[in-house]
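Chemist: So that we are looking at the same thing, I have put the structure below in structure tokens.
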């Protein structure tokens, strides 16, 4: 009976794994046969013991979350979709030496499958419990050749470098010097990088002798737990009153997530402006503008808005909230917020009938609502024109901190502790020219 049960479990897991691969293909996660083979080969359920098989092999589901004492999630086995995205970005080949920063076990096993027996995978995490768990799961799944290390990933693992690929599986605010130093010539870093108030998984190649430390792009929407240790950076979060933006289903929690560089005073001023625009005695009716710009995902659009507008942060909700009397919403994923002393504006959407796409709109509140909505909508329209003209983007250059840069209004320069990151969209219009 026990042998029958094990065989049935194995067959069910294999069938679900194959279905997950097809789902990942349809979601544009898996693009290559090599990554598909890796996902077929690694038993994901071994890295999430106790979780239902159907849940484990759902392409967009995170499993085995670990929380700290405050309830904040500090480690997960990430959704298979974003793992596939990062593996495709990394373009891992047999025989490569790979460093994974942030352990869970499953992703390291996928990397080991891609590099083969001639390659090496080192997985590092600051949390000994996470590393112990990853080690046990890797051994149980037959991937004992993966090296696991307890250390602060901010420093990398220099004793086992240099690395052809560094794959980071925790949200990073900066690119620390150790990562660049341990990257082999021609190597690549794939990292969920904080760009303003948004996180995108980006692929950055080492660029010896051309000024920049790293260069690349392929920014993909993602969600990861924050980096711990020396590389930790916490967002500033402001919570609006529960009754500020009531929806058809009743009030919901709405918050502004500001950049980690924002001070308490900065956040207090922003929250005061937003609160007054919605609930204050001089509040005005909101202004809604529909742009005619259509989209099926917001990866590029929100990055464009967040970096080309003087966006103050990301306005998010704990659920979809429909603003009273308007076919508009604040989403759980959030949208860049443009804030002035006289109000604020944010991106919204509405479904296009008989199409799996949405139309982009703008909702603005406060005495300056009309002007803010027009400015926001113009920036949306520019993105639509750029994409319709074949534009893709953005490109990123990572330079040493305080590197002199010629001013260019089409570029956004993000200053970090160790680096200056230049974000640009080739052939994009100058946002200051209109």
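The values are calculated or read from the model by the stated rules, or taken from the named source; none is laboratory data. Just so you know, these numbers come straight off a predicted model, no measurement behind them. Cβ placement follows ideal geometry from the backbone for every residue including glycine, while neighbour counts extend to all protein chains displayed.
Chemist: Of everything in segment 405-417 that's in contact (Cβ under 8 Å) with a residue 40 or more places away in the chain and in a loop (DSSP other than H, G, I, E, B), which residue is surrounded by the fewest Cβ atoms within 10 Å (Cβ to Cβ)?
Modeler: 417
Chemist: Of 420, 392, 402, which residue is at pLDDT 90 or above, surrounded by fewer than 20 Cβ atoms within 10 Å (Cβ to Cβ) and in a loop (DSSP other than H, G, I, E, B)? Explain how you work it out, then say what you get.
Modeler: Working: 420 fails: in a loop (DSSP other than H, G, I, E, B); 392 fails: at pLDDT 90 or above.
It is 402.
Chemist: With (1) in contact with a helix residue (DSSP H, G or I) (Cβ under 7 Å, 6 or more places away or on another chain); (2) modelled with pLDDT of 95 or more as the list, and residue 59 as the residue in question, which single condition is left unmet?
Modeler: The single condition residue 59 does not satisfy is (2).
Chemist: Within segment 82-103, how many residues are more than 16 Å from residue 34 (Cβ to Cβ) and touching a helix residue (DSSP H, G or I) at 6+ places or on another chain (Cβ under 6 Å)?
Modeler: Initial filter on segment 82-103 (more than 16 Å from residue 34 (Cβ to Cβ)): 82, 97, 99-103.
The next check asks that each one be touching a helix residue (DSSP H, G or I) at 6+ places or on another chain (Cβ under 6 Å); those that pass are 100-101, 103.
Final tally of qualifying residues: 3.
Chemist: Among (1) modelled with pLDDT of 90 or more; (2) closer than 18 Å to residue 203 by Cα, there is one condition residue 380 misses while meeting the rest; what is its number?
Modeler: Here residue 380 clears every test but (2).
Chemist: Write out, first by first residue and then by second, each pair whose Cβ atoms fall under 6 Å of each other, whose residues are 6+ apart or on separate chains, and whose first residue, in segment 125-149, is assigned by TED's automatic domain parsing to the domain that holds residue 111 while the second is modelled with pLDDT under 95 and part of a strand (DSSP E or B).
Modeler: 130/75
Chemist: Also: Out of 312, 323, I need the residue that is touching a helix residue (DSSP H, G or I) at 6+ places or on another chain (Cβ under 9 Å), at pLDDT below 85 and in the same structural domain as residue 369 (by TED's automatic domain parsing). Which one?
Modeler: Just a single option satisfies the conditions, and that option is 312.
Chemist: Can you name the number of the only condition in (1) modelled with pLDDT under 95; (2) out of contact with any strand residue (DSSP E or B) (no Cβ under 8 Å at 6 or more places or on another chain) that residue 40 fails?
Modeler: (1)
Chemist: Since residue 202 meets every condition but one in (1) more than 22 Å from residue 401 (Cα to Cα); (2) in a strand (DSSP E or B), which condition does it not meet?
Modeler: (1)
Chemist: Mind counting the residues in segment 135-162 that are part of a helix (DSSP H, G or I) and over 25 Å from the mean Cα position of the chain (by Cα)?
Modeler: The qualifying residues number 9.
Chemist: Pick out the one residue from 121, 92, 115, 98 that is over 19 Å from residue 180 (Cα atoms) and assigned by TED's automatic domain parsing to the domain that holds residue 159.
Modeler: Just a single option satisfies the conditions, and that option is 115.
Chemist: Pick from segment 326-337 the residues that are within 23 Å of residue 221 (Cβ to Cβ) and surrounded by fewer than 24 Cβ atoms within 10 Å (Cβ to Cβ): which of them is modelled with the lowest pLDDT?
Modeler: Step by step, filter segment 326-337, then rank; the result is 328.
Chemist: Right, another one. From the list 176, 162, 192, which one is touching a residue at least 24 places away in the same chain (Cβ under 8 Å), in contact with a helix residue (DSSP H, G or I) (Cβ under 9 Å, 6 or more places away or on another chain) and surrounded by fewer than 20 Cβ atoms within 10 Å (Cβ to Cβ)? Can you show your working first?
Modeler: Working: 176 fails: surrounded by fewer than 20 Cβ atoms within 10 Å (Cβ to Cβ); 192 fails: surrounded by fewer than 20 Cβ atoms within 10 Å (Cβ to Cβ).
162 is the lone residue from the list that is touching a residue at least 24 places away in the same chain (Cβ under 8 Å), in contact with a helix residue (DSSP H, G or I) (Cβ under 9 Å, 6 or more places away or on another chain) and surrounded by fewer than 20 Cβ atoms within 10 Å (Cβ to Cβ).
Chemist: Only one of these is surrounded by fewer than 22 Cβ atoms within 10 Å (Cβ to Cβ), on the phi < 0 side of the Ramachandran plot and not in a helix (DSSP H, G or I): 132, 208. Name it.
Modeler: 208
Chemist: Can I ask one more? I'm trying to understand the selection: among the residues of segment 150-160, which are touching a strand residue (DSSP E or B) at 6+ places or on another chain (Cβ under 7 Å) and within 20 Å of residue 186 (Cβ to Cβ)?
Modeler: 156, 157, 160
Chemist: Could you count how many residues in segment 112-127 are within 24 Å of residue 231 (Cα to Cα) and over 20 Å from the mean Cα position of the chain (by Cα)?
Modeler: 6
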